[in-house]
Amino acid sequence: MFHPLILITFFPLVGVLLLLVIHSEQKSVIRWTAWGTSFITFGLGIWVLLNFNLSDPSIQMAINQPWVQSGRMTVTFQMGVDGLSLIMVLLTVFLTPLALLSSWKAIQERLKQFMILFLLLEVGMIGVFLAQDLVLFYIFWEFTLVPAYLLVGMWGGERRIYAAVKFFIFTMAGSVVMLLAILYLGLNQGTFSISWLAANHQLFSGAQTWLFLAFALAFAVKAPIFPLHTWLPDTYTEAPAAVTVILAGILSKLGAYGFLRLNLPLFPQASAQFAPWIGALAVIGILYGAIVAYYQVDMKRLIAYSSISHLGFIILGIFAMNPQGVTGAALQMVNHGLSTGALFLIAGFLEERRGSRIVSDFGGVWKVMPWLGGIALVVVLSSVGLPGLNGFVGELTILLGAFGSSINGFMVLAVGAALGVILAAVYLLRLFENVFLGKLFIPANNSMPDLQSREAVLLAPILLFIFWIGLYPYPFLSLLNPTMNQLSSVVLAAAGMK
């Protein structure tokens, strides 16, 4: 009960129980209870980090308790942490309190229900990253869908029902196919243990192709990979700002994490077989997302399409399958969560001031908001991949991995991805120019306040990591390298490529 991984996974439920007994009219108490719970969960994440051996690539702090026994099939409550899962858990517990704080003014109706669902969503996300049993992984995976669906459908914009239903149907369709593959593996191998199945993948090598595709469909929808991306712009645009931060910062990474945690180690030959095709779809997504983003007039929708483009880099790095590619992809999952999360926060701040997200309703506002404008410039440049900021390190590592990959055609794909970097600079700098630069020609914008204390508290820690990773990425790479190098080595050897 007091195991570190149990505590960090289920501690948000303590906040849920407290919120259930607090009267709905005590809004300040509700907000501070939810935020305090998420902040303590962040502290538990630091505790796990301090007890983690950075030089050990294997699963640490393991929990392995029998859970369900039926004939020769065993389901275990199996959890553990390695460098990949730890960095994603840390991103989750870091962004959650910031997202909750961003909702302080925006969410007024049904506040208690909002906070309860947010904390439940945190439980599901952490559980996905720590689960080491396929059934447990699937339970947490599906569990995240329910609070996310309700958060979008109940507190979103005008088209929230459409967006929430579309998000639910897309994700559920992919997940059902994955469930069939999970049941097949468990019934045939007698266990759902991820580590055991990865070590004995040759036992089901004859079914690798369809098993790979079943898992890949679920992860491709969540990532999302072109052309399964169509739910993302609607959902990101209609979701409230706090929820969009979590959708873009963490939930979209569940798909990429699934590829790294399950597809590559369980189905290495199929991963190598389909890598050129998935890499090609990733580059199409990079270019498509960038081009469509350029023509958007809604700030949130523009950032949503930019997410499709940036997530394509992550998928490309994963299926380069070499140490540089997979490490760069894992680091870029963090970078994207930070930079895109900050972009959505800034878009939310502007909407609170102006009552609009339409780019043409702004212009020249840096004159009245120099602090917010300066921070927005840093965040935009981090998304562009400017050297010295976090995005550059991740994108450079991914491109190095793609250029050096032994997968057929990846050098050409790397050239296409590099073009996406140029396009990102075009549409993001154009967005900044149209919102913050030029003449202040709309009188209503003269009275907009500059950066406020709550907003500064929200953005300051994100800026810290944007500069830290950009200028000194060594601590983050030290956390990732042992796990990702081992993963790449094992997968390439199993695929006959090393």
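The values are calculated or read from the model by the stated rules, or taken from the named source; none is laboratory data. Here the structure is a predicted model, which means the values were calculated and not measured. So basically every Cβ, Gly included, is an ideal-geometry build from the backbone, and we count neighbours across all protein chains shown. The protein model used for the area step is the full one, side chains on, heavy atoms only, and it has no ligands, DNA or RNA in it. Shrake-Rupley method; radii C 1.70, N 1.55, O 1.52, S 1.80 Å.
Miscellaneous remarks
- Filtered residue count, region 179-212, keeping only those that are in contact (Cβ under 8 Å) with a residue 60 or more places away in the chain, open to solvent by 10 Å² or more (accessible area, probe 1.4 Å) and closer than 30 Å to Ile286 by Cα: 1
- Residue that is modelled with the lowest pLDDT [pool: residues in region 81-129 that are small (Gly, Ala, Ser) and out of contact with any Leu (no Cβ under 7 Å at 6 or more places or on another chain)]: Ala106
- Check on Ser55, among the polar types (S, T, N, Q) and surrounded by 13 or more Cβ atoms within 10 Å (Cβ to Cβ): no
- Thr74 passes every criterion in (1) in contact (Cβ under 8 Å) with a residue 40 or more places away in the chain; (2) within 29 Å of Asn485 (Cα to Cα); (3) out of contact with any helix residue (DSSP H, G or I) (no Cβ under 7 Å at 6 or more places or on another chain) apart from (2).
- Matching residues in region 111-130 - criterion: being over 30 Å from Ser195 (Cα atoms) and open to solvent by less than 10 Å² (accessible area, probe 1.4 Å): Leu111, Phe114, Met115, Phe118
- Some residue of region 10-23 being within 23 Å of the chain's Cα centre (by Cα) and open to solvent by less than 20 Å² (accessible area, probe 1.4 Å): yes
- Positions within region 382-401 being surrounded by 20 or more Cβ atoms within 10 Å (Cβ to Cβ) and either closer than 30 Å to Leu492 by Cβ or more than 20 Å from the chain's Cα centre (by Cα) (or both), in sequence order: Gly385, Asn390, Gly391, Phe392, Val393, Gly394, Glu395, Thr397, Ile398, Leu399, Gly401
- The numbered conditions (1) among the acidic types (Asp, Glu); (2) in contact with a helix residue (DSSP H, G or I) (Cβ under 7 Å, 6 or more places away or on another chain); (3) surrounded by fewer than 19 Cβ atoms within 10 Å (Cβ to Cβ) are all true for Asp133 except (3).
- Of the criteria (1) in contact (Cβ under 8 Å) with a residue 24 or more places away in the chain; (2) surrounded by fewer than 24 Cβ atoms within 10 Å (Cβ to Cβ), which one Ile139 fails: (1)
- All told, Leu49 falls short of being under 22 Å from the mean Cα position of the chain (by Cα), buried (at least 20 other Cβ atoms within 10 Å of the Cβ) and closer than 23 Å to Ile194 by Cα.
- Check on Gly157, in contact (Cβ under 8 Å) with a residue 12 or more places away in the chain, open to solvent by less than 10 Å² (accessible area, probe 1.4 Å) and not charged (D, E, K, R): no
- Glu433 being open to solvent by 60 Å² or more (accessible area, probe 1.4 Å), in a helix (DSSP H, G or I) and of a type in the set (Asp, Glu): yes
- Residue within region 408-419 that is out of contact with any strand residue (DSSP E or B) (no Cβ under 9 Å at 6 or more places or on another chain), among the polar types (S, T, N, Q) and open to solvent by 20 Å² or more (accessible area, probe 1.4 Å) present: yes
- Condition met for Asn64 (more than 22 Å from the chain's Cα centre (by Cα), closer than 30 Å to Trp196 by Cβ and not in a strand (DSSP E or B)): no
- The one condition from (1) assigned to a helix (DSSP H, G or I); (2) more than 18 Å from Ala148 (Cβ to Cβ); (3) in contact (Cβ under 8 Å) with a residue 24 or more places away in the chain; (4) not charged (D, E, K, R) that Ala218 does not meet is (2).
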